[in-house]
Structures are given as C-alpha cells and as structure tokens.
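S.K.: I'd like to ask you about the structure that follows.
Any read-out appearing in this document is the output of simple, stated calculations on the displayed coordinates, not a laboratory observation. Nothing here was measured: the structure is a model prediction, and the numbers come from that model. Glycine also receives a Cβ, built like all others from the backbone with ideal geometry; neighbour counts cover every protein chain displayed.
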C-alpha cells in the first residue's frame, strides 16, 4: 500500500453505524439505533417530534399534519429531508387535484454539536419555546403558510466555551428581498409571511417607532418583543442582540428619483433595509445601502469613511471625514495614520470586513446625482449634499471628495480615484475616474474613501 493510499484511507469520511439516509442517490447521513440523525461526524440531529422511518421514504406519503385544511386537496404528497449548516427539516409537497403544489415544513429538530468540550446537547428554553409557535391555517396552504411553523436555528458562537446556543430563525416569503418594507418617509413594516422568534406575521405589519421619534442620520434595529409587536430601537454599535430581526437607516434626505439628486426631507432609506438573511456580509450593517451593479449586488457605505472609524464605524452621519488632512485612526486605536493613501484606505476598511469600490461599483453607487457639479467647498464632515445624492441614497458620492478605489482587476487590482472633489466643478460625477492612477501613495485633503461589502443572502 502506498503512502498516498494509506493517507486517503485514514482521512476518508467514515459514517457511524446505522441506517444510511440517502436522497437523490447521495448519502447525506445516518440514522442511529436511538433515532438520532447524524449528518457528518460530530453533527447530530435529534427529532423533537416523532419521526417514523417512512417519513424519509419519498414513496410513502405520511398522514397530514393536524392543522392542515385538506379541503379540495389530494392527500398524495412527496417528502424530502433538507439539511443545512446547523439545521434540518422535513418538507412535504402537497399536490392539489388541478396540479397546484405547495411545499410545507413539518418537523423541528434539535441540533447538537458533540466536541471535545463535551456539550451535552440539551435544548435551551428559548429554542423549546419555538415549538409552540402559532401556525397559519387559512385553506388552502400558500407560500405564506409554508413559513408558518418556526424552527430553531442553532448557531455556534465564538465564545471560549464554544457552546451551541439558540437563535431565532427568520422565515420570509421571498429570499430575494428584505423582510422590512418602507411604507412612508417615517413608516416601515414587516412584509406578510415573515416569521421570527415564535411569531408569524401573516399580513404586512407596521413597526412601532421609537418613543422620541427617529434621529437624523441614525441607524435602527427592528426587535420583536415577547408580545409579538415589532419595534424600532436606536443602535450605536454592531447589532448582535439575538432579538434583532433586521434594521434600517434614517437619512437626512431622500434618494434620487432620477438623475438630478435627492431632497432635504428626512426619510427612512428603503435601500438601507436589511435582515438576518439579506444583509451585508461584513459584521456591521449600519450606514450601508444595497446596490445593484454590473458585477453583481453589493452593499455600499452611505457616508464617506470616518476618521474616527473605530468609534463610529466606517459610515456615520455628521462625523469628520478621513482624508489627508484628517487621517484616520489606526486599527489599534492608539495612534493615527500619518497619511491617507490607497494603502491606508484599504487597511481601514479591511479592519471592518469591507473593501474599496471598483470602477463599475463606484458608477453604480454614484448614479442619480446631478452630474458635472460639485459642492464648492471642503465638506469636512459627512452629511447631506442633496443635489448629488444618488438613487440608493449614497451621500456625497462625488463633488465633495475624490475617493480611493481600484480598477476591478480580479488578480492585481490597481489603485484608482473616482468621483472628483469639491474643486472639480464641471468634471465631477459618477463617471469621473482616474483608473490605475500613477500615485497610489499620494495623500491629500481632496481624497477620501468609501467602503463596500459583499451581499449575503440566505435561502
């Protein structure tokens, strides 16, 4: 036996003893003698409700659930077992006589992680409470009804104990848009079909505003209380509270409806709405908007990069802009960079899990403002420059400071400058670009930066 074949034998995945679970010809796990489902070495799933062997057999339709209204529906159905990173569920495809079909989730599972620290797999009370979540029973079942039953999503937290704890699962009628919908300049709601923390919202439901009203340029999280009422609350740091469903930004002015900028009337920015399953991939979603570009969707900072980014985040309203005259804090926080060149801009944004805009991304993030215009004076702080606000609500996208970016090369991206500063007048705009500029080490009070983050969308 060769060394290579021996190593392959040692490291080959070995399934534990038990009944193989196979779907579409692919083995996805093992059913142990005690009924535990094992999807990978160490990751085990114990059914919280009785799960018969036939439930995993697509040829054997199980009986309908107790809350299923069968009027006009054929009892024939197909069953599939779907597994994810930290979860699994049984789904049933109910087929109507006229061919209409609806997938409906039916089972809940407890996810346990067996590791060297000996986590015992006990289900936390917060997860157990989800088992009593209300369901939609309006006949016939619909895509909203499919989302009716809550299921616990066990998330591994990076704590010293490395324990598995419960976090509410977000259910939505559509994965391609946020659960939040803006209904007015100062009104926002949850979309119909949203389920979270044991509560289902079968119809569009208003989010209660904070008691003192919204603050200009502030970010808000939407929290579902024990009473099931969605409320908006001010957030001043990374929103990691498990009660948070999503959030949004209350902007100093409205987005551009066309190509002549926005307005100076305060409003919830609809492009800033995010939720746990539709959000920036970086840790902090505050002060960001969703943008479509030729290179795909991404999230862009609303404001120019802050000099005190460790205090405010990279994108905040009414704070000093990082540039050559006001260099930003070093990630360690004790000193500041001596200049704000392209390397510094990359380092600052990378500390927050973000990057610089590419040529195409900048054009998408700036279009909608009044082209070939500038604000005419050093802006100094982040804020509203309505004539140049873009369609997504990006503030000061051009004609305030030029911003560091890159040429979009996937292998060796080169420093570039975009937008044009306040002194550029008739040259500034969404298509102003010095691509692959010759002076990446240059630092000036006319050059800032703007962060961008990847788009994270979970089905």
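S.K.: Which order results if 300, 437, 273, 282 are arranged by neighbouring Cβ count within 10 Å, fewest first? If you can, show how the numbers build up before the last one.
M.R.: Working: 300 29, 437 17, 273 24, 282 20.
By the 10 Å Cβ count, ascending, the order reads 437, 282, 273, 300.
S.K.: Let me ask something else about it. Starting from the Cα of residue 330, step 7 Å along the direction of its Cβ; do the same at residue 240; then give the gap between the two resulting points in nm.
M.R.: Placing both labels 7 Å along Cα→Cβ, they lie 2.5 nm apart.
S.K.: What percent of all Cα-Cα pairs in region 180-280 falls in each 10 Å bin, counting up from 0?
M.R.: 15, 50, 28, 7, 0
S.K.: Taking neighbour Cβ counts within 10 Å as the exposure measure, how do 423, 171, 302 sort from fewest upward?
M.R.: On the way: 423 15, 171 22, 302 32.
Arranged by neighbour count, lowest to highest, 423, 171, 302 become 423, 171, 302.
S.K.: Once you treat every alpha carbon in region 193-348 as an equal point and sum by Debye, what is log10 I(q)/I(0) at q = 0.08, 0.12, 0.17, 0.19 Å⁻¹?
M.R.: So the normalised log intensities are -0.28, -0.60, -1.09, -1.26.
S.K.: Taking the Cα centroid of region 423-459 and of region 293-367, what is the distance between the two, rounded to the nearest whole Å?
M.R.: Going from one Cα centre to the other spans 10 Å.
S.K.: Over region 364-459, what relative contact order in percent results from Cα pairs under 8 Å that are six or more residues apart?
M.R.: Numbers: 208 pairs, mean separation 27.0, N = 96.
Answer for region 364-459 is 28 percent.
S.K.: Further, regarding this structure: From the square roots a ≥ b ≥ c of the eigenvalues of the alpha-carbon gyration tensor of region 393-435, which class results: rounded (a/c under 1.5), prolate (a/b over b/c), or oblate?
M.R.: Numbers: a/c = 2.79, a/b = 1.96, b/c = 1.42.
It comes out prolate by the Cα gyration axes.
S.K.: If I take every Cα pair under 8 Å that is 6 or more residues apart in region 294-457, average their sequence separation and divide by the length, what percent do I get for the relative contact order? Display every interim value, and only then the final one.
M.R.: On the way: 433 pairs, mean separation 47.9, N = 164.
About 29 percent, as a whole number.
S.K.: So how do 441, 227, 263 line up by other beta-carbon neighbours within 10 Å, fewest first? Walk me through the numbers before you get to the answer.
M.R.: Numbers: 441 11, 227 7, 263 15.
By the 10 Å Cβ count, ascending: 227, 441, 263.
S.K.: Starting from the Cα-Cα distance between residue 454 and residue 308, subtract it from 0.36 nm times their residue separation and give me the gain in nm to one decimal. Spell out each step's value before the answer.
M.R.: Details: separation 146, 0.36 × 146 = 52.56 nm, distance 2.29 nm.
Here the segment from residue 454 to residue 308 would lengthen by 50.3 nm.
S.K.: A further question on this structure: Quick check: residue separation of residue 265 and residue 33 times 0.36 nm, minus the Cα distance between them. What number comes out in nm?
M.R.: Working: separation 232, 0.36 × 232 = 83.52 nm, distance 6.45 nm.
Taking residue 265 through residue 33 to full extension adds about 77.1 nm, to one decimal.
S.K.: Then there's this: Can you compute the label reach from residue 215? Point 7 Å from Cα along the Cβ direction, backbone N cut-off under 19 Å, restricted to region 179-209.
M.R.: Under 19 Å, as judged by backbone N against the label point of residue 215, lie 186-187, 208-209 of region 179-209.
S.K.: Across 10 Å bins from the origin, how do the percents of Cα pairs in region 370-456 run, short distances first?
M.R.: Final binned percentages: 18, 49, 28, 5.
S.K.: According to the square roots a ≥ b ≥ c of the eigenvalues of the Cα gyration tensor, what is the shape class of region 305-345, taking rounded for a/c under 1.5, prolate for a/b larger than b/c otherwise, and oblate for the remainder?
M.R.: Details: a/c = 1.81, a/b = 1.26, b/c = 1.43.
Verdict is oblate for region 305-345.
S.K.: How would region 340-385 be classified by its alpha-carbon gyration tensor: rounded, prolate or oblate, with rounded meaning a/c under 1.5 and the a/b versus b/c comparison settling the rest?
M.R.: oblate
S.K.: On to the next question. Just the number, please: percent antiparallel of the DSSP beta bridges in region 294-457, rounded to the nearest 5. Could you put the intermediate results ahead of the total?
M.R.: Details: 14 of 21 bridges.
Bridges in region 294-457 that DSSP calls antiparallel: roughly 65 percent.
S.K.: Another question, then. Can you give the relative contact order of region 237-295 as a percent, counting alpha carbon pairs under 8 Å and 6+ residues apart? List each step's numbers first, then the result.
M.R.: Working: 73 pairs, mean separation 20.4, N = 59.
Result for region 237-295 is 35 percent.
S.K.: Then there is this: Can you tell me the mean projection area, over all orientations, of the convex hull of region 294-457's alpha carbons? Units nm², please.
M.R.: Details: hull surface 35.2 nm².
With every direction weighted equally, the projected area is 8.8 nm².
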